[in-house]
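Novice: Sharing a structure with you now.
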Amino acid sequence: MTTLKCAVIGLGMGQSHIRGYQGHPDAEVVAIADLNEELLKSKGDEFGIPGRYTSVDEMFEKEKLDIVSIATPNSLHKPFALAALAHGAHVLCEKPMAMNAEEAQEMLDAAEKAGKRIMINFSFRFNDASWGIKDQVKGGRLGDVYTGRTRWLRRDGFPGFGGWFGTKKLSGGGPLIDLGVHRIDLALWLLDYPEPEWVLGRIHERIGQPRAKEVGKTFDVEDYASAMITFKNGMTLQVEASWAGHIQNKEDMETTLIGTKAGLCQRNVQGGYGFEGFIFSTENGCQLDVEMKGGSAPKSAQWHYVDSILNDKPHVATGAEGMTIMKILDGIYQSAEKGEPIKIG
Ligand SMILES: NC(=O)c1ccc[n+]([C@@H]2O[C@H](COP(=O)([O-])OP(=O)(O)OC[C@H]3O[C@@H](n4cnc5c(N)ncnc54)[C@H](O)[C@@H]3O)[C@@H](O)[C@H]2O)c1
């Protein structure tokens, strides 16, 4: 069996990419890249990776790679993806795909030209609760889904002040592009990505910016966003994302979808990162709540990508889906800026 040679750029979230590849018997992480030399050495030693680079260009000169994971600040997703594709590698890019839809389109064009794949790490699909519900929805169990709500709210969970997450030119935005991206993707993936049409959005900068100002740090993104998305099939989806707000739990993630035959809910358990999934229906005059138990989710996004490439099968979380999400996010930010709905499809 062929072994795919993988590289990971960026060693924060990138560490989970390394673990994901190392969990597949036919993938080998041969190189890592990060500007932080200490991190490069410690993670290189911990994971036993021979190629270590502070320069991504040098990595591409010296290594022959099949897959490159990009887990850097969002502003570097596009340039590193274009470089990886030009090198002849498939790309697994962290979410959000890019800073905006225009950049995402450049990445899609480059992948097509190179004849290579792009996958986006919508990692919250890869748990049994999500995967189990998806299997149920595939069989038409919900009937015609006409509305839903998807959200990720934190009570007080800023990724720091003064760093790239809170600096718009490096991140593209705040919790909407950071957290909302996952929950919008989950809702759309469950429904096979219906085509969005209109977006009405609002963002608020009530908590983060004043707090950052007090400590003299940069923070020029929102701390809360809400939106209504309408779809060409008539469906509506409400969205909420925040890094801070006065709610009970530390962290609330929930996606509900309501159809003519049944509804569903995927949510985190007790404010943490474990998930549960339910289907709700009424049958023979009886209200049924069905809980997903166990499931068949792939071990990780990386495992799924390697498996799909080796077996020449389509992968999920495609660049085209990443692009649809970028159009929605652009629409929400534009709508918030202009104070009017934005047509995106
Ligand atoms: N899928 C998920 O659940 C998930 C979770 C966290 C973060 N992310 C995404 O992962 C990406 C990285 O986020 P993070 O939390 O790991 O950030 P981070 O700041 O912890 O790590 C980013 C790393 O990139 C390195 N880096 C920066 N510029 C570089 C360059 N020019 N060349 C090489 N390395 C460079 C930094 O030194 C740092 O180690 C973001 O796009 C974020 O949205 C996704």
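Novice: Please go through region 206-242 and pick out each residue that is open to solvent by 60 Å² or more (accessible area, probe 1.4 Å), assigned to a strand (DSSP E or B) and without any contact (Cβ under 8 Å) to a residue 60 or more places away in the chain.
Specialist: Met228
Novice: Going residue by residue through region 101-110, is there one that turns out to be over 20 Å from Lys169 (Cβ atoms) and open to solvent by less than 60 Å² (accessible area, probe 1.4 Å)?
Specialist: yes
Novice: Between Ser300, Ser335, Ser296, which is open to solvent by 60 Å² or more (accessible area, probe 1.4 Å) and in contact (Cβ under 8 Å) with a residue 40 or more places away in the chain? Working first, answer last.
Specialist: Values: Ser300 fails: open to solvent by 60 Å² or more (accessible area, probe 1.4 Å); Ser335 fails: open to solvent by 60 Å² or more (accessible area, probe 1.4 Å).
Ser296 is the lone residue from the list that is open to solvent by 60 Å² or more (accessible area, probe 1.4 Å) and in contact (Cβ under 8 Å) with a residue 40 or more places away in the chain.
Novice: Would you say Val239 is of a type outside the set (D, E, K, R) and in contact with a Ser or Thr (Cβ under 8 Å, 6 or more places away or on another chain)?
Specialist: Working: of a type outside the set (D, E, K, R): yes; in contact with a Ser or Thr (Cβ under 8 Å, 6 or more places away or on another chain): yes.
Yes; evaluated as a whole, the condition is true for this residue.
Novice: Hey, Tyr224 hits all of (1) more than 30 Å from Val137 (Cβ to Cβ); (2) touching a His at 6+ places or on another chain (Cβ under 6 Å) but one; which does it fall short on?
Specialist: Looking at each condition in turn, Tyr224 falls short on (1).
Novice: Evaluate the following for Thr230: is it within 27 Å of Asp289 (Cβ to Cβ) and β-branched (Val, Ile, Thr)?
Specialist: Details: within 27 Å of Asp289 (Cβ to Cβ): no; β-branched (Val, Ile, Thr): yes.
No.
Novice: I'd like the full set of residues that are polar (S, T, N, Q), within 23 Å of Asp128 (Cβ to Cβ) and touching a Leu at 6+ places or on another chain (Cβ under 8 Å), limited to region 293-329. Walk me through it before giving the result.
Specialist: Applying the first criterion (polar (S, T, N, Q)) to region 293-329 yields 296, 300, 302, 308, 311, 318, 324.
Then keep just the ones that are within 23 Å of Asp128 (Cβ to Cβ); that gives 296, 300, 302, 308, 311, 318.
Of everything in region 293-329, just one residue is polar (S, T, N, Q), within 23 Å of Asp128 (Cβ to Cβ) and touching a Leu at 6+ places or on another chain (Cβ under 8 Å), namely Gln302.
Novice: Is it true that some residue in region 33-52 is under 17 Å from the mean Cα position of the chain (by Cα) and near the ligand (Cβ under 8 Å from one of its atoms)?
Specialist: Taking region 33-52 as the starting set, the residues that turn out to be under 17 Å from the mean Cα position of the chain (by Cα) are none.
The answer is no, given that none of the residues of region 33-52 is under 17 Å from the mean Cα position of the chain (by Cα) and near the ligand (Cβ under 8 Å from one of its atoms).
Novice: Can I ask one more? Are any residues in region 149-166 within 19 Å of the chain's Cα centre (by Cα) and not charged (D, E, K, R), and if so, which ones?
Specialist: The initial filter retains those residues of region 149-166 that are within 19 Å of the chain's Cα centre (by Cα), namely 149-154, 157-159, 164-166.
Hits for region 149-166 are Thr150, Trp152, Leu153, Gly157, Phe158, Pro159, Trp164, Phe165, Gly166.
Novice: Sticking with this structure for a sec: Do the conditions hold for Ile203, that is, is it within 24 Å of Ile279 (Cα to Cα), of a type in the set (A, V, I, L, M) and in a strand (DSSP E or B)?
Specialist: Values: within 24 Å of Ile279 (Cα to Cα): no; of a type in the set (A, V, I, L, M): yes; in a strand (DSSP E or B): yes.
The answer is no for Ile203.
Novice: Then there's this: Going by what's in this entry, would Gly180 be described as among the small types (Gly, Ala, Ser) and in a helix (DSSP H, G or I)?
Specialist: Working: among the small types (Gly, Ala, Ser): yes; in a helix (DSSP H, G or I): yes.
So Gly180 passes the test.
Novice: Of all residues in region 1-17, which are crowded, with 24+ Cβ neighbours inside 10 Å and part of a helix (DSSP H, G or I)?
Specialist: Restricting attention to region 1-17, the residues satisfying the condition of being crowded, with 24+ Cβ neighbours inside 10 Å are 6-10, 17.
Within region 1-17, just His17 meets the criteria.
Novice: In region 255-273, is there at least one residue being closer than 26 Å to Tyr21 by Cα, assigned to a strand (DSSP E or B) and under 19 Å from the mean Cα position of the chain (by Cα)? Can you show your working first?
Specialist: Residues of region 255-273 closer than 26 Å to Tyr21 by Cα: 268, 272-273.
Then keep just the ones that are assigned to a strand (DSSP E or B); that gives 268.
After this cut, where a residue has to be under 19 Å from the mean Cα position of the chain (by Cα) as well, the list is 268.
Taking every residue of region 255-273 in turn, at least one turns out to be closer than 26 Å to Tyr21 by Cα, assigned to a strand (DSSP E or B) and under 19 Å from the mean Cα position of the chain (by Cα).
The values are calculated or read from the model by the stated rules, or taken from the named source; none is laboratory data. All figures in this text were calculated on a predicted structure; none of them were measured in a lab. Cβ sites come from the backbone with ideal geometry, for glycine too, and all protein chains shown count toward neighbours. When the accessible area is computed, the model is the full protein with side chains, heavy atoms only, and any ligands, DNA or RNA have been set aside. Shrake-Rupley method; radii C 1.70, N 1.55, O 1.52, S 1.80 Å.
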